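Chemist: Could you have a look at this structure, given as structure tokens, before my questions?
Please treat every number below as a calculation from the coordinates, not as lab data. Computed from a predicted model, the values in this text were never measured in an experiment. Neighbour counts run over all protein chains shown; Cβ positions are idealised from the backbone, glycine included.
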Amino acid sequence: MNILLINLPRYKSIPVTREERCEFISKSRVDTPATLLIMASLLRDKGHKIEFIDANAFDLDYEDISERTINKKNDCVIFSFNSQIIDHDLEICNIAKKTNPSCITIGYSWYARYYAKEILTEYSNLDVYIIGSTLSVVGNLIECISENGNLDDVGGIVYRSKGNIIKINNTADSEIKFNNLPMPAYDLLPSFKPYYLIDPFISPYALLYAGKGCPFGCMYCNVAKTKYNGRSADNIIKELKMLKKMGNVKYVWFFDESFTINRKRVVDVCEGILEEDINIKWFCDSRVDLVDEELLKIMRKGGCIGISYGVESGSQKILNNMNKGNTVEQAKNALIWTRKAHIPIQLNLILGFIGEDVETLKETESFVRATLPETLQIGIINAKPGTEFTKLAIENKWAERGGVGKKI
């Protein structure tokens, strides 16, 4: 089959990240579309003809895409969309159908998956919404389509059947172990020049996963209590070497919810970087209770130049309400050790959670003043679909929920 995989255009000239665990719009970074690149390799290995367009990185608009695809009869178009700008992103379906009315459009957004049926109802040119583990579902889905099979047999999708009837198949396909997935199809990118992190000077850069999923139970998180599917250190080192060879990539971000979830693997990755003389600098995310002083020293020596900690609050009361599972004291220790290891810190906060008041805000302010992170990112609690916090908000009728795109 002829398959187009596309990282959709920027929104009002601002770069967009459309990864499963993180959707945002920001001038501060242009990420490699990691999941789509793995998907491209997976489908190419199955014998399909793949075209890949990163419109976000190379600043192509929908008119550019239309011109590039006007004479091509793609059987399928696959894309990830950002639920915050759904009207903008799902315009790709209209373009695909205009070029080839029989083209099957396949989209996914982890954030909006609980409203997949409503989205297919509202956007008539979207044919299939992947609601399961994307990389585990897409192979079976494309195989079924290519063989004119019955989509009822494909787990983890919501789809438009004959007669425009929308069907939901929640049955989960067995998840592919990350180590068994192919390396991302970096060869399909014209170059790594457009990709940067924080500012254009941190480039060439790539976003990659050491694994996906998070077993912890934070109430506000839409990835909470999901099984961690991790890669081996050798597998990660293989990708880092590929990035150096193909694009002379100098910086990477390990985009796991918490890269340090497996301490031994972190040590092995650091040792591998040094032994292979890869000469690459990297950033990661971590929980504060998954680091220790010795590990941080090893990470710094292995190339770590930044850690983003989900501290969320300096109040133990709020951390408990969030079901965060760690203490303020653990957060203080983690930041002290990180500073001693000479690793810059990004501290992430969520304000306005259940029980927040003047006293808890003062505790958080005191925590920030005491720890002085290099970067501070502050968010206001919002009700992401599927989270425990959102369920609680709906049950208690804290606000009325409308249709797709409405806020709780």
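Chemist: Which of Asp64, Asp153 comes first, and how do the rest follow, when ranked by fewest Cβ neighbours within 10 Å?
Modeler: On the way: Asp64 14, Asp153 10.
Fewest to most other Cβ atoms nearby, the residues stand as Asp153, Asp64.
Chemist: For the chain, just say rounded, prolate or oblate: build the C-alpha gyration tensor, square-root its eigenvalues into a ≥ b ≥ c, call rounded for a/c under 1.5, and beyond that prolate if a/b exceeds b/c, oblate if not.
Modeler: Taking the square roots of the gyration eigenvalues as a ≥ b ≥ c, the chain is oblate.
Chemist: How do Thr387, Thr69, Thr171, Thr32 rank when sorted from fewest to most other Cβ atoms within 10 Å of their own Cβ?
Modeler: Thr171, Thr387, Thr69, Thr32
Chemist: Taking 0.36 nm per residue of separation and subtracting the Cα-Cα distance, what length does fully extending Lys117 through Leu274 add?
Modeler: Extra length from Lys117 to Leu274 when fully extended: 51.6 nm.
Chemist: Could you give each residue of the range 44-49 its phi-based ³J(HN,Hα) in whole Hz, using Karplus coefficients 6.51, -1.76, 1.60 with θ = phi - 60°, and x for Gly or Pro?
Modeler: Couplings: 5, 5, 8, x, 7, 8 Hz.
Chemist: Quick check for you: which residues of the range 303-346 have the amide N under 16 Å from the point 7 Å beyond the Cα of Ile378 toward its beta carbon?
Modeler: Answer for this model: 311-315.
Chemist: Of the listed pairs Lys46/Lys245; Lys72/Lys225; Lys27/Lys397, which have alpha-carbon separations greater than 31 Å here?
Modeler: Table pairs above 31 Å Cα-Cα are Lys72/Lys225; Lys27/Lys397.
Chemist: Further question on the same structure: Among Asn321, Val288, Cys304, whose Cα projects farthest towards the positive end of the dipole of the range 286-362, with charges put on the beta-carbon of Lys, Arg (+1) and Asp, Glu (-1)?
Modeler: The listed residue farthest towards the positive side: Cys304.
Chemist: Let me check I've understood the local charge: for Asp75, count other residues with C-beta under 15 angstrom from its C-beta, Lys and Arg +1, Asp and Glu -1. What total comes out?
Modeler: Result for the neighbourhood of Asp75: +2.
Chemist: Let me ask something additional. Pop the C-beta distance of Asn94 and Ile394 into the FRET formula with R0 = 35 Å and round what comes out to the nearest 0.05. Intermediate values should be presented prior to the final figure.
Modeler: On the way: r = 32 Å, r/R0 = 0.92.
Taking R0 as 35 Å, the efficiency between Asn94 and Ile394 is 0.60.
Chemist: Quick one: putting +1 on the C-beta of Lys and Arg, -1 on the C-beta of Asp and Glu, what dipole do you get for the range 2-169 around its Cα centre, in Debye to the nearest 20? Numbers along the way, then the final one.
Modeler: Values: 19 positive and 23 negative charges, 17 e Å.
In debye, rounded to 20, the range 2-169 gives about 80.
Chemist: Determine which residues of the range 103-125 fall in the zone a paramagnetic label at Asn148 would reach in this model, i.e. backbone nitrogen under 17 Å from the point 7 Å along Cα→Cβ.
Modeler: Flagged as within label range: 103-104.
Chemist: Using Cα-Cα distances under 8 Å and only pairs 6 or more residues apart, what relative contact order does the chain have, in percent? Could the numbers behind the result be given before it?
Modeler: On the way: 787 pairs, mean separation 49.7, N = 408.
12 percent.
Chemist: What number, in percent, do you get for the relative contact order of the range 1-138 if the mean sequence gap of Cα pairs under 8 Å and at least 6 apart is divided by its residue count?
Modeler: Working: 236 pairs, mean separation 38.3, N = 138.
For the range 1-138, the relative contact order is 28 percent.
Chemist: Compute the length gained on full extension between Glu293 and Ile70: take 0.36 nm times their separation in residues and subtract their Cα-Cα distance, giving the result in nm to one decimal.
Modeler: Additional length available on full extension: 74.6 nm.
Chemist: Cut-off is 10 Å between beta-carbons; in what order do Leu376, Leu290 appear when sorted fewest neighbours first?
Modeler: Fewest-to-most Cβ neighbours within 10 Å comes out as Leu376, Leu290.
Chemist: For the range 181-198, take each phi angle, set θ = phi - 60°, evaluate the Karplus expression 6.51 cos²θ - 1.76 cosθ + 1.60, and give the result in whole Hz per residue in order, putting x for glycine and proline.
Modeler: My calculation for the range 181-198 gives 7, x, 5, x, 7, 4, 5, 7, 8, x, 6, 9, 4, x, 8, 8, 10, 6 Hz in order.
Chemist: Checking the table Lys264/Lys384; Lys227/Lys391; Lys250/Lys297; Lys98/Lys162; Lys12/Lys281 against a 23 Å threshold on Cα-Cα, which pairs fail?
Modeler: Lys264/Lys384; Lys12/Lys281
Chemist: Here is a further query. Quick test of your reading: applying the under-4.7 Å Cβ rule, which cysteines of the chain are isolated?
Modeler: Cys22, Cys76, Cys93, Cys103, Cys144, Cys214, Cys270, Cys284, Cys304
Chemist: Check cross-link reach from Lys49 to the aspartates and glutamates: straight Cα distance under 20 Å, and skip same-chain residues fewer than eight apart.
Modeler: Glu67, Asp75, Glu143, Glu147, Asp187
Chemist: Just check the range 191-395 against the gyration tensor rule for me: Cα atoms, a ≥ b ≥ c as the square roots of the eigenvalues, rounded for a/c under 1.5, and otherwise prolate or oblate depending on whether a/b exceeds b/c. Working shown, then result.
Modeler: On the way: a/c = 1.92, a/b = 1.65, b/c = 1.17.
It is prolate, given that a/c is not under 1.5 and a/b is the larger ratio.
Chemist: Still on this structure, I have one more. Angle between the Cα long axis of helix 358-371 and the longest principal axis of the chain, 0 to 90 degrees, nearest 10?
Modeler: For helix 358-371, the angle is close to 80 degrees.
Chemist: Continuing with the same structure: For the chain, modelled as a GNM with alpha-carbon contacts under 10 angstrom, which of Gln377, Gln330, Gln346 fluctuates the most?
Modeler: Gln377
Chemist: When the Cα centres of the range 146-224 and the range 267-312 are compared, how far apart do they sit, in Å?
Modeler: Computed from Cα coordinates, the inter-centre distance equals 25 Å.
Chemist: Over the range 191-395, calculate the relative contact order: mean separation of alpha carbon pairs under 8 Å at least 6 apart, over the residue count, as a percent.
Modeler: RCO, the range 191-395: 19 percent.
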